[in-house]
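The structure appears right after this line, and notes come after that.
The values are calculated or read from the model by the stated rules, or taken from the named source; none is laboratory data. Nothing here was measured: the structure is a model prediction, and the numbers come from that model. All Cβ positions, glycine included, derive from the backbone under ideal geometry; neighbour counts span all protein chains shown.
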Amino acid sequence: MDLTDWMYTLYPYAKSLHIMAVLSWMAGLFYLPRLFVYHVEQAVKVPETGPVFLTMEQKLMKVIMRPAMHTAWLAGLFIVFTPGMIDWSYIWPWTKGACVIGMTLFHTWLVWRIKDFEAGRNRLTGRQFRMANEVPTLLMVVIVISVIFKF
């Protein structure tokens, strides 16, 4: 069995793993900005809640989001490099790839926001975090349409 045969055999497993990892990553990308909203708005009212929110945010990032992102990327790259699975003459793989990079940049931005909360220097409001929460939704819409319709 050569490398290509091996990749074809593992392809459905990689695709399944990719879908599960993306679902977990997206759940975190949707939920973490919402936690930031509550952190900003409740910590003012009840200061003791600040450390509780920070712990929740850190664990969400470290235990769920970061491993899910890495798994989604690794499984996705396996899919991309499996010969004959992606037709690069279409636009959809390029739009999906650009959006995945956008998701990764948003993920990194969220990491920086956690660091701001840790250092006590968050300057964003609940409203700003609510608006930021729309970014992964828009990227997800483009990704799903791209993958389903394969333009």
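Restricted to segment 93-111, and to residues there that are of a type in the set (A, V, I, L, M) and either in contact (Cβ under 8 Å) with a residue 24 or more places away in the chain or surrounded by fewer than 13 Cβ atoms within 10 Å (Cβ to Cβ) (or both), the residue that is nearest to residue 34 (Cα to Cα) is 110. Exactly one residue out of 56, 65 is more than 27 Å from residue 12 (Cα to Cα), among the aliphatic types (A, V, I, L, M) and out of contact with any Ser or Thr (no Cβ under 6 Å at 6 or more places or on another chain): that is 56.
Annotation note: of 45, 59, the sole residue that is over 22 Å from residue 146 (Cβ atoms), at pLDDT below 95 and surrounded by fewer than 16 Cβ atoms within 10 Å (Cβ to Cβ) is 45.
Note on segment 59-94: residues that are among the hydroxyl-bearing types (Ser, Thr, Tyr) and within 16 Å of the chain's Cα centre (by Cα) total 1. Applying the condition of being charged (D, E, K, R) and at pLDDT 95 or above to segment 122-151 and asking which residue is surrounded by the most Cβ atoms within 10 Å (Cβ to Cβ) yields 130.
Here is a yes/no grid of residues against (1) touching a strand residue (DSSP E or B) at 6+ places or on another chain (Cβ under 8 Å); (2) touching a residue at least 60 places away in the same chain (Cβ under 8 Å); (3) farther than 23 Å from residue 71 by Cα:
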position: 3; (1), (2), (3): no, no, no
position: 8; (1), (2), (3): no, yes, no
position: 19; (1), (2), (3): no, no, no
position: 35; (1), (2), (3): no, no, yes
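Among the residues that make up segment 79-92, is at least one of them assigned to a helix (DSSP H, G or I), loosely packed, with under 15 Cβ neighbours inside 10 Å, touching a helix residue (DSSP H, G or I) at 6+ places or on another chain (Cβ under 9 Å) and not acidic (Asp, Glu)? Checked segment 79-92: at least one residue is assigned to a helix (DSSP H, G or I), loosely packed, with under 15 Cβ neighbours inside 10 Å, touching a helix residue (DSSP H, G or I) at 6+ places or on another chain (Cβ under 9 Å) and not acidic (Asp, Glu).
Within segment 112-121, the set of residues being surrounded by fewer than 16 Cβ atoms within 10 Å (Cβ to Cβ) and either touching a residue at least 40 places away in the same chain (Cβ under 8 Å) or within 15 Å of the chain's Cα centre (by Cα) (or both) comprises 112, 118.
Looking only at segment 10-42, which residues are polar (S, T, N, Q) and either on the phi > 0 side of the Ramachandran plot or modelled with pLDDT of 95 or more (or both)?
Just the residues of segment 10-42 that are polar (S, T, N, Q), to begin with: 16, 24, 42.
Within segment 10-42, 16, 24 meet the criteria.
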